[in-house]
Amino acid sequence: MSELYRRYGKLLTLIMILLTAFWLLALVIIPNIVLFEFSFESYLPVDQLGGPLDVYSLKNYETFIYSPIHIRIFFQTIIYSSLVTLLCLCMSYPVAFYLAKVIRIENAPTIFLLLLIPLWVSEILRSFAWFIILSFQGPLNALLLGIGIIGKPIRWISGFNGVIIGLIYSYILFMLFPVYNAISSLDSNQIEASEDLGAPLWRTHWRVVIPHAKPGIASGCVMVFMLCAGSVIVPSTLAAPNSRWFTEIIQQWMFEGLDWNVGSAYAFLLLVLCILFVSIVMRVLNVRLVDIAK
Amino acid sequence: MSEAVELSKVSMDFAQFRAVNKVDVTIKAGEFFSFLGPSGCGKTTILRLISGFMDPTEGAVKIGGVDMIGIRPNARPTALIFQNLALFPLMPVWENISFGLEVRGVDKATRRAKAEELLNLVELYDSADKKISQLSGGQKQRVAIARALAVEPKVMLLDEPLSALDLKLRQHMRAELRAIQKRTGVTFIYITHDQGEALAMSDRVGVMSQGILQQVGTPMEIYNNPANGFVASFVGENNIFEGTVKSVKAGVASFATALGNFETRLGKGVAAGSKAKIYVRPEHTALQKTTAPKANSVPVEVGDVAFEGNFVNIFVRDRLGGTHMIQAQNDPNIALPANGSKMHMVFAPEHAVVLAAAATSSQS
């Protein structure tokens, strides 16, 4: 703060603080408070607003508890988001290590650029691209048939397959970069020391690299998990008829049922339960919040 | 217990740059051998070639007679102590030390016992459960040594491990390292740019410059009989005079310089008639009021006098502007020469030697 003041002077500092405060208040805090209040109100016809039925209640939350289908979809969302997080980690870690410790530093910018370009395309377009790639008579099946790996086309978009593929593609970089940052701060001599003491590759990773990269891995996992659980576009584009995402239920309440009150309750449930889940996992894996903030 | 390390005609190229040039030396089992040279002379590359992080472009590296080419560091009987030590900060001290045993599948109780034993060996008691960050520089040093000893290496490689310590501790650790080496009998290969370290600790020293091994010998040989000009000026101080070898008679060369003729010993590879330099150690020179018979003498003017305690360094200037250093033992009965007084710098023929510049191919 004082650093900011020293560098930019009174006026600019004030403007920056006010803008940040405005952004936080107007775009994050106030809308959430409004939704929070909505979630305790009832969905009433206009002429009954302010009438005897317009009171706060837990009715909207009860709707969730008495809907086994919604509960199942909620748990599916959590489970498949965790699966996507795990897959992202498994795929990112080798790449992050390669980028951080194997390639020459002058080649890194080119590779990062190649990795970032897909992120410049909107998420909707990327989801549709995958919808086309994965479709029954799409290019992926044509390719695999063409080179003779499969005998007959595969129905890729069935169950949660399409959603998993789409989510990994959308969010993998949110795993890659924190893990990359964490690994690149490791002194390469430690890797060599471990090897010199006789450790095979896997043990060097297990005992030296991964413990060092744990904060990066944790923050990557939290980010990917939260993004997955909150994703709307990917599940609604790439889901099969039998695979639904919890965010789609919220959307239904809000835009099809026009019941913003139940929708708000569901949105808050998702937020609170996800935070709870992440906190439990962090506690189990012995990761502290300060590690992630680094 | 320990093994010999044999480097035969080892060369290492990085793109266009030859970091190590046909180095040919055998380090005996149980020996404390130092590679001494300025930074960029290729000594660290040699260490990485022996430890297995690189394989040489040409030549062979053998440990205990076994060819090591293509064998990864984790399968070589060596242990490397890194310049920055590279201790694992997230493991407690004892896990650091027993890491090599953990890798070999030793059970936890045995590992712990071995770690305690090694901590006693390096005289670091009650530290097994400390964090690395709680240790001082010297203590970290000991942990690194213990960690390397834990895998019972046949050859211990040390990459300037004392350079980060302060002077007092460095001198203490020198003696410590030497004692540990004698106690364990492991072959130590030590890399340093500090001649004091190399001379004080080593059984033999290999002096390197620009990838070339200039001379291999005991510290006394290196200091008293340098093979060439590079070794003479890198190890210890020397006064240098340029000139031409006029004639050689019974091992004594007559050497002509702009300051007069000197009688000197003749080093290897210098022929009569060639341009060369003579090297005289400051402690082999004296300052006198008159010229001395049977000794070389140069008229000089006294400059700064630096009293160092047990000895005195007197800096003098010859009439051509060249500066020289004369080192004398401290003697309370003798007055120090005054700045500006005209005197003679005197040295005996047997203490001056004509040497060629640096060798252009590795010696063995």
Between the Cα axis of helix A:2-22 and the main Cα principal axis of chain A, the angle (0 to 90°, nearest 10) is 40
Contact-by-burial set, segment A:181-200, min loss 30 Å², accessible area of protein heavy atoms with 1.4 Å probe, reference chain alone, gives A:N189, A:Q190, A:E192, A:A193, A:E195, A:D196, A:L197, A:G198
Expected field for B:E350, accessible surface area in Å² at 1.4 Å probe radius, rounded to 10, holds 110
Longest principal axis of chain B (C-alpha) makes with the long axis of helix B:137-150 (C-alpha) an angle, in degrees to the nearest 10, of 60
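Let me confirm one metric for peptide B:146-158, namely the mean number of other chain beta-carbon atoms within 10 Å of its residues' beta-carbons.
On the way: counts 0, 3, 3, 0, 1, 3, 0, 3, 0, 0, 0, 1, 0.
Averaged over the peptide's residues, the number is 1.
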Interchain or sequence-distant (5+) residues whose placed amide H lies within less than 5 Å of the amide H of B:L266 are B:A253, B:V354
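Do any of B:K43/B:K268; B:K268/B:K294; B:K294/B:K342; A:K214/B:K140; B:K9/B:K140 go past 30 Å between their Cα atoms, and which? Mind dumping the intermediate values first?
On the way: B:K43/B:K268 25 Å; B:K268/B:K294 24 Å; B:K294/B:K342 21 Å; A:K214/B:K140 24 Å; B:K9/B:K140 36 Å.
Exceeds cut-off: B:K9/B:K140.
Sum up the charges of everything whose Cβ sits under 11 Å from the Cβ of A:G166, counting Lys and Arg as +1 and Asp and Glu as -1, but leave A:G166 out. Can you show the working numbers first?
Values: positive: A:R126; negative: A:E123.
That sum, taken over residues with Cβ under 11 Å, equals 0.
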To the nearest 20 debye, the protein assembly as shown has a Cα-centred charge dipole, built from +1 on Lys and Arg Cβ and -1 on Asp and Glu Cβ, of 1320
For chain B the mean separation of alpha carbon contacts under 8 Å (6+ apart) over residue count, i.e. relative contact order in percent, is 17
Mean-square fluctuation maximum in Gaussian network of chain A, Cα pairs under 10 Å, restricted to A:V84, A:V208, A:V95, hits A:V208
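Counting DSSP beta bridges in segment B:230-355, what percent are antiparallel, to the nearest 5? Let's see the in-between values first.
Numbers: 44 of 46 bridges.
About 95 percent, rounded to the nearest 5.
Sort A:34-44, A:217-227 by the packing proxy (mean of other Cβ within 10 Å over each peptide's residues), most packed first. Write down the numbers at each step before the final one.
Working: A:34-44: 15.9, A:217-227: 23.4.
So the peptides A:34-44, A:217-227, ranked by packing, come out A:217-227, A:34-44.
How high is the relative contact order of segment A:67-293, in percent, counting Cα pairs under 8 Å that sit 6 or more residues apart? Walk me through the intermediate numbers first.
Details: 228 pairs, mean separation 62.8, N = 227.
RCO, segment A:67-293: 28 percent.
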Rounded to the nearest 10, the angle in degrees between the Cα long axis of helix B:167-184 and the longest principal axis of the Cα atoms of chain B comes to 60
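Just to verify a number: FRET efficiency for B:F311 and B:A250, C-beta to C-beta distance, R0 = 35 Å, to 0.05? Let's see the in-between values first.
Details: r = 34 Å, r/R0 = 0.96.
Once the sixth-power term is evaluated, E becomes 0.55.
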Rounded to the nearest 5, the percent of antiparallel DSSP beta bridges in chain B equals 75
Phi-derived 3J(HN,Hα) across segment B:330-346 with the Karplus relation (6.51, -1.76, 1.60, θ = phi - 60°), rounded Hz, x for Gly and Pro, is 5, 9, x, 8, 10, 7, 6, x, 7, 4, x, 6, 8, 9, 10, 8, 10
Note: A:Q76 to A:I280 extended length (0.36 nm per residue) minus current alpha-carbon separation gives 71.7 nm
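Relative contact order for segment B:230-355: what is it in percent, counting Cα pairs under 8 Å that are at least 6 residues apart? Before the final figure, lay out each step's value.
Working: 291 pairs, mean separation 38.3, N = 126.
That works out to 30 percent.
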Long-range amide H partners of B:F32, meaning residues 5 or more apart or on another chain whose placed amide H is closer than 5 Å, are B:F188, B:D203, B:R204
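For every helix of n ≥ 4 consecutive DSSP H residues, a contribution of -39,500 (n - 2.57) applies; sum these over chain B, divide by its total residues, and give [θ] at 222 nm rounded to the nearest 500 deg cm²/dmol. Don't skip to the end; give the middle numbers.
Numbers: 9 runs with 84 residues, N = 364.
Dividing the helical sum by the residues of chain B leaves -6500 deg cm²/dmol.
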Mean per-residue count of partner chain Cβ within 10 Å for B:63-76 equals 2
For segment B:35-45, in residue order, the Karplus 3J(HN,Hα) values (coefficients 6.51, -1.76, 1.60; θ = phi - 60°; whole Hz; Gly and Pro = x) are 9, 10, x, x, 5, x, 8, x, 6, 5, 4
Net charge (Lys, Arg +1; Asp, Glu -1) of residues whose beta-carbon lies under 15 Å from that of B:K246, B:K246 excluded, is +2
In the protein assembly as shown the DSSP beta bridges are antiparallel at a rate, in percent to nearest 5, of 75
If amide H atoms are modeled at 1.01 Å from N in the peptide plane, then the residues at a separation of 5 or more from B:V300, or on another chain, having amide H under 5 Å from its own are B:M343, B:H344, B:M345
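Placing +1 at every Lys and Arg Cβ and -1 at every Asp and Glu Cβ, with all other atoms neutral, what dipole size does segment B:17-106 have around its Cα centre, in debye to the nearest 20?
Details: 9 positive and 7 negative charges, 34 e Å.
Approximately 160 debye in magnitude.
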In the neighbourhood of B:P299 defined by beta carbon distances under 14 Å, the net charge of the other residues (Lys, Arg +1; Asp, Glu -1) is +2
In debye to the nearest 20, the charge dipole size for segment B:230-355, taken about the Cα centre with +1 at each Lys and Arg Cβ and -1 at each Asp and Glu Cβ, equals 560
One finds, for A:L14 and B:A15 with R0 = 51 angstrom and r their Cβ-Cβ distance, a FRET efficiency to the nearest 0.05 of 0.40
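The values are calculated or read from the model by the stated rules, or taken from the named source; none is laboratory data. Just so it is clear, the model here is predicted, and its values are computed rather than measured. Neighbour counts run over all protein chains shown; Cβ positions are idealised from the backbone, glycine included. SASA here: full protein model, heavy atoms, side chains in, ligands and nucleic acids out. Shrake-Rupley method; radii C 1.70, N 1.55, O 1.52, S 1.80 Å.
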